[in-house]
1. When segment 348-360 is examined, which residues are found to be farther than 18 Å from Ile241 by Cβ and in contact (Cβ under 8 Å) with a residue 24 or more places away in the chain?
2. Would it be correct to say that Gly69 is surrounded by fewer than 17 Cβ atoms within 10 Å (Cβ to Cβ), touching a residue at least 24 places away in the same chain (Cβ under 8 Å) and out of contact with any helix residue (DSSP H, G or I) (no Cβ under 6 Å at 6 or more places or on another chain)?
3. Out of everything in segment 126-166 that is surrounded by fewer than 18 Cβ atoms within 10 Å (Cβ to Cβ) and among the β-branched types (Val, Ile, Thr), what residue ends up being farthest from Phe203 (Cα to Cα)?
4. Does segment 277-288 contain any residue that is modelled with pLDDT of 95 or more, within 27 Å of Ala24 (Cβ to Cβ) and not small (Gly, Ala, Ser)?
5. Picking from Leu117, Leu84, Leu97, Leu126, which residue would you name as being touching a residue at least 12 places away in the same chain (Cβ under 8 Å), at negative phi, in a loop (DSSP other than H, G, I, E, B) and not polar (S, T, N, Q)?
6. So how many residues does segment 289-310 have that are surrounded by 23 or more Cβ atoms within 10 Å (Cβ to Cβ) and at pLDDT below 95?
7. Within segment 39-58, restricting attention to residues that are surrounded by fewer than 15 Cβ atoms within 10 Å (Cβ to Cβ) and of a type in the set (Asp, Glu), which residue is modelled with the highest pLDDT?
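The values are calculated or read from the model by the stated rules, or taken from the named source; none is laboratory data. On a predicted model such as this, the values are computed, not experimentally measured, just so you know. Cβ atoms come from the backbone with ideal geometry, glycine included; neighbour counts cover every protein chain shown.
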Amino acid sequence: MEVTEASPANSADPICRSLLVKLAARCNIACRYCYWFRDEEVYAAPAVMTPEVEAALLDKLEGHIRRHGLSSFSVLFHGGEPLLFGKQRFRGLCAALRELEGALGCRVSLSVTTNGLPLDAEWLELLRRFRVSVGISLDGPAAIHDVNRIDFKGVGTHAAVVRAIKLLQSGGWEPGLLAVCNPSVDPEQTVRHFVEELGIKAFDVLVPDATHEDRPATIAPYYTRLFDLWYGRYAGQDVQIRYLESILRGLLGGRSGSQSIGYGAITAVTLLTDGSLEALDVLRIAGSGSTRSHINLLTHEIQDIQSDPLWREIYEASIQLAPACRACEWKTVCGGGHMASRWSASRRYDNPSVYCDDIKAILKHIWGRIAPDLYIERIEGTHD
């Protein structure tokens, strides 16, 4: 689940319409690929959001919505593992946000991304009561998931995550699943596990986080195979794979609606447990201190994040692509790739994605598959 959709590229002075709220800065498992703990500064923050920051969030959010006349606002609870915030405090925060929604006439969308391990019947009742949508992280069947998503004893967490998914399903929930691509395996194993074994029809398969300082494995064979499986078999079963659908929207001239791929302004705002407001949280992949901000909700307004140098740099980089990207035939479909994948120590974010060649191969393959199936339908009553 992503922080927010990319905004239209021509947005001037964009108003913040969503927050990624870090309820917890710690986790209950130890995923090998986690970007969050690549920045050692996360350990200096409070383990869970302080009561002072929680109060400031409610106060500043109310003022922000009133000041800008917003009709909707999105809050994504995140971590670490956000459910470590605890049931009592979660109940209080959600109740206050729902009261705010009623008082302001502004629709507040609440969602949470969790590894699922803390979920129980009481958590489900809280999520249902406060209308919180749920995204669960699961990389595929045990043989794939348990390679990277392990607990602090090195034991795989697949069985516990599946238990959480089935608990949600038994309560009438349809959780969205978030998988991270493992380029060394056949994606059919993951798709079959999700659709045929777990009965999940909406999920995403995320590109592994990497910068130009890393040496990521090629992802083109994985995603071209994934597309062929989906387009040839699963799309007809109403299965939705967000990354692929985002690409299709871009190829057909629309907005991808995603930060992972597609051209559009990145306006994401992250609230940390100590009140710090930062840019896109995954940018921590660049290392310790890479997202540090002097903007804090205890002393600033939400909209003040736009004066943060990194937030401004990311916003400008998302609409002013690197020279190589501006000359590329796929520029509006790709948009330079995910912002974190553009980082290098020498040029910062003024680069194409580290996966540039892979993305080109993926887009070329998908266009080659769908182009023969496209046609123009004349609508009666329109001019020739």
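1. Arg348, Tyr349, Asp350, Asn351, Pro352, Val354, Cys356, Asp357, Lys360
2. For Gly69, the condition - surrounded by fewer than 17 Cβ atoms within 10 Å (Cβ to Cβ), touching a residue at least 24 places away in the same chain (Cβ under 8 Å) and out of contact with any helix residue (DSSP H, G or I) (no Cβ under 6 Å at 6 or more places or on another chain) - is not met.
3. My answer is Val155.
4. Yes.
5. Going through Leu117, Leu84, Leu97, Leu126 in turn, the sole match is Leu117.
6. Qualifying residue count for the region: 1.
7. Ranking the qualifying residues of segment 39-58, first place goes to Glu52.
The rows are residues; the columns are (1) closer than 30 Å to Val53 by Cβ; (2) assigned to a helix (DSSP H, G or I); (3) free of Cβ contacts under 8 Å to residues at least 40 places away in the same chain; (4) among the β-branched types (Val, Ile, Thr).
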site	(1), (2), (3), (4)
Ser184	no, no, yes, no
Val195	no, yes, no, yes
Ile200	no, no, yes, yes
Val205	no, no, yes, yes
Thr218	no, no, no, yes
Tyr222	no, yes, no, no
Ser258	yes, no, no, no
Ile261	no, no, no, yes
Ala268	yes, no, no, no
